[in-house]
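Here's the structure, in structure tokens; my notes come after.
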Amino acid sequence: MQKKWLLALWACLVCTRLVSAQTAPNSLPPPASALDVETAINTSGGRFWYQAEFLRWQVRTPVPVPIVTTGDPNDGPLAGTIGQPATRVLFGNSDVDYPYLPGMRFAMGAWLVGERTIGLEQSLMYFPTKTAVFRVASDGAGNPPIYLSGYNPVIGREDSGILADPRSQFAGSATVTTDLRLWSAELNGLFLLWGTPKMELHLLGGLRYVSLQETLQVDGASNDLTVDSSSTTRDRFETSNHFLGGQFGLRVRWQPSLFSYELTGKLAVGGNKQVVNIQGENSSFGAFAANPGTSPGGFYAQPTNIGTFSQMKFAVAPSLDLKVDFQFTPHIHAFFSYGLMALTQVVRPGNQIDHNLNLSKSPIFAVGPVSDIAAPSPLLNRSTLFADGISIGVEFRF
């Protein structure tokens, strides 16, 4: 009887060993690292998210006309005028660059229905006021010569206003200050069009607002070296653009590992309210000032174009963002991105400067016969804003 129990126990152990050997390959758990990564990816979506990023973009402000020039005083009345061999443009005929425009962007959103199926997202992008200053000044003898450039329709040729000229015995300076402030806000709905565990395609639809405000100011100062007489001029061109439109777009996200890649393209269509404000004044002082005191009209801003002008124009605002994201934990992500945006039908201050100048009634620059030609004129010229750059940020999901 004891032998039978021993034989039965031995048979059970053999069968158990055989069954274990056959089932072991299919029952081994995956490596811990592979399991952790897969679990982290599958739980990385979250229902709510918040993003904060630092932006470093670049924007250019067009100044298509010559403003400040220098030249040969021996050219007499033509000194500093465009077309003379010795004339050189010191400011104008080019863009003012803001190559390192710092800013911030904040975004938050939530999935409202299902697993990343229908959601809502809002964002704010803000660039504080950025200022650029150009300044040139002569010495006490009027070197280097400095002029303000313009075309004189009264005499039918290029002309200039003297700020510094050693031959004419004037010393002076010119300062051009430009500043820019840009911000935008968006509210979008998100709708899943197609998705797999590692890739998603969403449709975006909502509203976008863009605000662009700029200023260009030209300050001129001149001292007569022969008598006690000085003068100053100020021309200020302010522009603002306020765009509001409906927006749609697509966002594709691919997450093959802890790194993910996201591309978002959007197009907003709506109206842009354009406002141009032009102001100018001149002052003369000293014992021998011909017209002492302050009066309206500088050099580029005259009574014929001083004032505030506005209009509404149809405009479009496309944008594109490419983002590379790394998931530190299911709740904390860091990312690097490149973005660009454009806005059509915008007014920029440099585009509002009329190169045609009737200065025959100016108390400072008047030379020759008096004329009633209405120049300069309010232009309301429009162009397209382009802005692009990089950013780094962090995202929290929960």
Problem set entry | Rg followed by Dmax, in Å, when the range 107-181 is reduced to its Cα trace | 26.6, 81
Problem set entry | Alpha-carbon radius of gyration plus Dmax, which is the widest Cα pair, for the range 219-276 in Å | 26.5, 79
Problem set entry | Semi-axis lengths (Å, descending) of the ellipsoid that matches the C-alpha gyration tensor of the chain | 72, 21, 15
Problem set entry | Computed log₁₀ I(q)/I(0) - Debye formula, equal Cα scatterers, no solvent, the range 230-324, q 0.12, 0.15 Å⁻¹ | -0.64, -0.75
Exercise. For the range 45-170, max minus min Cα coordinate along each principal axis, in Å, sorted largest first?
Worked result: 79, 33, 20
Exercise. Could you give the angle, 0 to 90 degrees to the nearest 10, between helix 32-42's Cα long axis and the longest principal axis of the Cα atoms of the chain?
Worked result: 50 degrees
Seminar exercise, completed: Taking only the Cα positions of the range 136-224, the convex hull volume per residue in Å³ is 212 Å³
For this session: Can you tell me the 0 to 90 degree angle between the C-alpha axis of helix 2-27 and the longest principal axis of the chain, rounded to 10?
Result: 20 degrees
Problem set entry | In Å², nearest 10: area of PHE314 left accessible to a 1.4 Å probe | 140 Å²
Exercise. Highest mean first, what order results for 226-234, 190-198 on Cβ atoms within 10 Å?
Worked result: 226-234, 190-198
Problem set entry | Sequence of ARG382, ARG236 from largest to smallest accessible area, 1.4 Å probe | ARG382, ARG236
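The values are calculated or read from the model by the stated rules, or taken from the named source; none is laboratory data. Owing to the predicted nature of the structure, the values given are computational and were not obtained by experimental measurement. A quick note on method: Cβ atoms are made from the backbone with ideal geometry, for glycine too, and the neighbour counts reach across all protein chains shown. All accessible areas refer to the heavy atoms of the entire protein, side chains included, with ligands and DNA or RNA removed. Shrake-Rupley method; radii C 1.70, N 1.55, O 1.52, S 1.80 Å.
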